[in-house]
Amino acid sequence: MPRPVRTTVVHPRTLAARNAQPLPPSAGRIVEDLGRQTPLGDVYLRSLMRSQFRLALAVVGTLSLALGVLPLTFQAFPALRDATAAGIPVPWILTGVAVHPVILVLGWVYHRQSRKNERDFAEAVERP
Amino acid sequence: MSAAAVALVCLATALFSVYGLRPGKATSDFYVASRAVSPTRNAYAIGGEYLSAASYLGIAGLILAFGADMLWYGVGYTAGYLVLLAFVAAPLRRSGAYTVPDFAEARLQSRKVRRIAAVLVVLIGWLYLLPQLQGAGLTLRTVTGAPLWAGPLVVTAVVIITVASGGMRSVTLVQAFQYWLKLTALAVPVLFLLLAWRADGAPWPDAAAPPSFRAATTVTVHQAINVEVRDPVRVTIDGTLDTARLHDDPVLLTAGEHRIGDETRVRFPAGAHVPHPVGEPPPHGSDWTRPLSGTDHPVYATYALLIATLLGTMGLPHVIVRFYTNPDGGAARRTTWTVLWLLAAFYLLPPVYGALGRLYTPELLMTGRTDATVLLLPDRLLGGPGGTLLGMLLTAGAFAAFLSTASGLTMSVAGVLGQELERYRAARTGRRTSDEARGEVRRLRMAGVAAACVPCLLSLVVVERPVADVVGLAFAVAASSFCPLLLLGIWWRGLTPHGAAAGLLAGGGATLCTVAVTMIGPPKDGWAQVLLTRPAAWSVPLAFAVMIGVSLLTRRHVPPGTAQSLLRLHTPESVQLPRR
């Protein structure tokens with residue numbers, strides 16, 4: 001029976017990971033590992049995917065919450081359905097106008113944060 | 001006059017595409033403008049392509065008929081882009097493929113999944129094209145009195161010229177122009193309409209009563225309808241009522257059911273209640289103003305609509321193909337972010353038309369052609385030469401909407417059809433030469449003609465339904481097939497070709513069946529009707545469950561290149577990966 005190969009699992013952004021000299025098989029930049037798909041490279045890729053996915057989930061989750069709560073609120077508080085502000089029914093203002101800024105803000109947050117995630121990743125893997 | 005506006009838009013579109021830029025020579029020009037379009041201009045083009053007849057005419061029409069619940073259409077169409085931005089935009093661009101079938105094959109290394117995806121692209125594309133063409137028919141008849149088949153033929157002809165002449169590169173420029181035309185055409189008249197509404201005392205639909213005519217109105221009925229009259233009313237009729245032929249004769253329209261014949265003109269006095277098609281009473285003012293009270297099972301219907309639009313946007317063939325025209329993943333995100341702004345600005349406008357339409361064009365509830373309200377309002381509310389001019393502007397915008405969406409869809413359907421034909425031919429004759437590459441562009445143009453003609457024929461035979469309704473169904477099909485494929489393909493390592501195929505067939509198949517039943521079958525009531533016309537709330541979970549379940553069962557068949565694909569999808573372009 002072959003001996004199981006020992007793999008070191010470390011968080012890719014910790015100093016330990018970056019300084020771990022003897023990590024096989026590449027002694028150079030992480031990019032090499034990434035390109036050759038060594039286990040270490042895979043750890044980095046997973047970490048990038050996880051951070052991007054969490055961000056996307058947070059943004060879309062907030063969106064779903066913001067939109068999804070409206071019909072339930074109308075259902076739960078019938079008085080709100082008939083309320084008016086400045087002559088315009090409140091539900092029309094909420095669904096016709098007020099949701100759009102929420103969408104735009106979420107889009108901005110995502111755009112900025114995803115770029116930051118990618119910059120961090122690029123910095124980490126290209127560090128010599 | 002309005003015919004001139006239509007002719008101008010059609011001519012400008014055709015000329016732009018034939019002479020505007022040098023025509024596409026290489027295959028990549030045809031598909032994606034050789035990926036050399038700046039993010040901002042690409043965003044305008046996406047906006048131009050995405051804002052279809054459903055957005056331009058359909059939302060206002062549905063709001064006129066059903067009220068507050070229909071506001072969710074505009075929200076969903078915009079929010080769908082945020083979901084697309086968050087989960088799909090950059091990785092999809094980095095996948096380097098031209099179409100969804102390309103993505104499926106590259107990611108899963110399976111010809112079978114590719115073929116299923118190709119069939120779905122074609123079906124979704126045609127389902128989406130259908131209401132665009134019918135909308136064109138309705139518009140042309142409303143403004144010029146031309147027969148219903150004229151609109152689809154005009155749009156199809158211009159689309160064939162656009163697509164066959166230059167492919168995606170010229171389409172990009174034309175569509176960027178059409179976004180601004182649509183926004184202007186809807187935004188400028190709104191100011192005048194709102195001023196006129198204020199001058200009229202800023203009325204709001206009467207809470208306790210069904211819709212009524214504010215002024216004496218002549219209604220022209222083109223196709224015979226059975227209507228229900230609530231209160232007896234004196235009208236003047238020129239045409240057929242029940243069995244009698246009348247020539248501008250005054251008649252007492254008694255309460256109850258009546259049949260109004262083809263090409264009949266009915267003049268109603270001011271204040272009369274609008275008769276409605278038998279069995280379809282419009283909601284009273286208060287139910288119309290309130291959310292969750294105009295339709296059956298409104299809470300389910302609202303959530304199903306939100307799911308379909310939020311998740312369906314990423315799966316629309318003409319939306320996806322646009323992402324490959326960005327130079328890189330970051331640009332794809334910048335484009336999407338700009339698109340969000342463009343859409344948010346646009347979707348503020350249709351509700352205004354819908355609400356004004358309820359007050360000033362209530363006769364559309366009787367004829368069922370509520371999609372025409374946007375076109376009729378300026379003349380009804382303003383009148384005079386100003387009203388005519390604004391009406392022309394709105395008609396021009398409507399044609400921009402039909403043409404841009406139809407050419408974008410036709411492009412993507414043609415691309416997929418052409419690729420499949422090409423593969424079929426290559427598989428039979430073996431290797432390709434440079435001579436054949438030239439032949440490929442020709443074959444793509446042929447595919448473009450085929451892709452445009454089939455929906456044109458369909459639009460002439462299929463019964464007309466509200467534009468936004470049919471488009472909602474196309475979103476539901478996309479949400480139940482391509483959304484799981486893209487999300488799981490981009491974010492999950494465990495996806496197998498078997499799982500993807502099963503999920504596409506289950507979700508896409510189920511929703512296409514509901515489409516067939518709603519479009520062809522007899523109308524239904526209650527839950528059956530809601531579940532069939534708003535399938536997304538059950539079909540999307542079904543598709544995800546099947547795709548994940550079958551993938552887990554066939555775990556041994558995870559494609560060997562999965563890690564390599566994911567690396568490519570997620571690594572930013574700034575990182576130079578060494579070659580293996």
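The table for this structure:
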read-out: Lone qualifier among B:119, B:171, B:159 - being modelled with pLDDT of 90 or more, more than 30 Å from residue B:262 (Cα to Cα) and in the same structural domain as residue B:342 (by TED's automatic domain parsing); value: B:119
read-out: Within region B:215-237, tally of residues that are over 20 Å from residue B:283 (Cα atoms) and not in a strand (DSSP E or B); value: 5
read-out: Qualifying residue in region A:118-126 (condition: more than 7 Å from chain B (Cβ to nearest Cβ), free of Cβ contacts under 8 Å to residues at least 60 places away in the same chain, of a type in the set (A, V, I, L, M) and in a helix (DSSP H, G or I)); value: no
read-out: Selection status of residue A:45, farther than 30 Å from residue B:198 by Cβ and in contact (Cβ under 8 Å) with a residue 40 or more places away in the chain; value: no
read-out: Criterion: farther than 30 Å from residue B:458 by Cβ and assigned by TED's automatic domain parsing to the domain that holds residue B:496 - qualifying residue of B:518, B:554; value: B:554
read-out: Contacts under 6 angstrom Cβ, first residue in region B:74-89 being more than 7 Å from every other protein chain (Cβ to nearest Cβ), partner of a type in the set (Lys, Arg), 6 or more apart; value: B:89/B:333
read-out: Counted residues, region B:285-296 - those being part of a loop (DSSP other than H, G, I, E, B) and within 12 Å of chain A (Cβ to nearest Cβ); value: 5
read-out: Selection status of residue B:479, in the same structural domain as residue B:317 (by TED's automatic domain parsing), more than 30 Å from residue B:138 (Cα to Cα) and either modelled with pLDDT of 95 or more or assigned to a helix (DSSP H, G or I) (or both); value: no
read-out: Selection count, region B:340-374, where residues are within 14 Å of chain A (Cβ to nearest Cβ) and part of a helix (DSSP H, G or I); value: 17
read-out: Residue that is facing chain B (nearest Cβ under 9 Å), at pLDDT 80 or above and loosely packed, with under 11 Cβ neighbours inside 10 Å, where the choices are A:78, A:91, A:101, A:71; value: A:101
read-out: The lone exception for residue A:84 - which of (1) more than 8 Å from every other protein chain (Cβ to nearest Cβ); (2) farther than 22 Å from residue B:207 by Cβ; (3) polar (S, T, N, Q) it fails; value: (2)
read-out: Residue in region B:550-572 that is surrounded by 16 or more Cβ atoms within 10 Å (Cβ to Cβ), of a type in the set (Gly, Ala, Ser), closer than 24 Å to residue B:106 by Cβ and touching a Pro at 6+ places or on another chain (Cβ under 7 Å) present; value: no
read-out: Index of the failed condition, residue A:64 passing every other in (1) at the interface with chain B (Cβ under 7 Å from one of its Cβ atoms); (2) over 30 Å from residue A:33 (Cα atoms); value: (1)
read-out: Unique match (being modelled with pLDDT under 85 and either within 9 Å of another protein chain (Cβ to nearest Cβ) or not in a helix (DSSP H, G or I) (or both)) among B:302, B:336, B:325; value: B:325
read-out: Residue, modelled with the highest pLDDT, within region B:1-52, restricted to residues that are assigned to a loop (DSSP other than H, G, I, E, B) and in contact with a Leu (Cβ under 8 Å, 6 or more places away or on another chain); value: B:51
read-out: Positions within region B:261-284 being surrounded by fewer than 20 Cβ atoms within 10 Å (Cβ to Cβ) and not in a loop (DSSP other than H, G, I, E, B), in sequence order; value: B:265, B:267, B:273, B:277
read-out: Boolean, residue B:509 is part of a helix (DSSP H, G or I) and free of Cβ contacts under 8 Å to residues at least 24 places away in the same chain; value: yes
read-out: Condition met for residue B:41 (surrounded by fewer than 24 Cβ atoms within 10 Å (Cβ to Cβ), away from chain A (no Cβ under 13 Å) and closer than 20 Å to residue B:174 by Cα); value: yes
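The values are calculated or read from the model by the stated rules, or taken from the named source; none is laboratory data. Keep in mind it's a predicted model, so treat the numbers as computed, not measured. Don't worry about glycine lacking a Cβ; one is built from the backbone with ideal geometry, like all the others, and counts go over all protein chains shown.
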